[in-house]
Amino acid sequence: MTNTPIRPDGIAAPVATFAHAVLSEASGRILHTAGVVPILPDGTVPEDLGEQASTVWANVLAILSEAVMGPTDVVSITTYVVPGQDLGVVMAERDRALEGRLVASTLVVVPELAQPGWKVEVAVIAIG
């Protein structure tokens, strides 16, 4: 299976570290996550945005591992963030977890998430 970032010459480059699109060529398995939230294994939620983003990505990586997949299988991400957060912190955690790989990525600022203490939530699609 190959995942190839699509970079057309006729459009502007992405404004951050992501691909406009990823072409997946495979007959493999597809994993769709629900929104992955910043809850630690003990049920607590860190207050700090960076720790929340790190927790979300640790949870995403655990889900991928359970599905016998890894960061290289992720092709698309949707990130939801509440207003007033440092988006650079959120994107840095994404980039760290994906080991710098380019994937299709959308970031949406939403008024609130399902729980008042949550500041970030991520859904991914992986093909392996």
Original post:
Is it the case that some residue within region 68-79 is at positive phi and at pLDDT 95 or above?
Top reply: no
Original post:
For residues in region 72-107 being among the β-branched types (Val, Ile, Thr) and over 21 Å from residue 6 (Cβ atoms), which is surrounded by the fewest Cβ atoms within 10 Å (Cβ to Cβ)?
Top reply: 82
Original post:
Of the numbered conditions (1) at pLDDT 95 or above; (2) in contact with a helix residue (DSSP H, G or I) (Cβ under 6 Å, 6 or more places away or on another chain), residue 17 satisfies every one except a single condition; which is it?
Top reply: (1)
Original post:
So which residues in region 95-119 are part of a strand (DSSP E or B), closer than 24 Å to residue 30 by Cβ and in contact with a Pro (Cβ under 9 Å, 6 or more places away or on another chain), if there are any at all?
Top reply: 104, 105
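Here's the yes/no breakdown for (1) in a loop (DSSP other than H, G, I, E, B); (2) among the polar types (S, T, N, Q); (3) within 14 Å of the chain's Cα centre (by Cα); (4) farther than 15 Å from residue 124 by Cα:
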position: 17; (1), (2), (3), (4): yes, yes, yes, yes
position: 27; (1), (2), (3), (4): yes, yes, no, yes
position: 40; (1), (2), (3), (4): yes, no, no, yes
position: 53; (1), (2), (3), (4): no, no, yes, no
position: 57; (1), (2), (3), (4): no, no, yes, no
position: 60; (1), (2), (3), (4): no, no, yes, no
position: 64; (1), (2), (3), (4): no, no, yes, no
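The values are calculated or read from the model by the stated rules, or taken from the named source; none is laboratory data. Keep in mind the model is a prediction, meaning the values are calculated, not measured. Note that we place each Cβ from the backbone using ideal geometry, even for glycine, and neighbour counts take in every protein chain shown.
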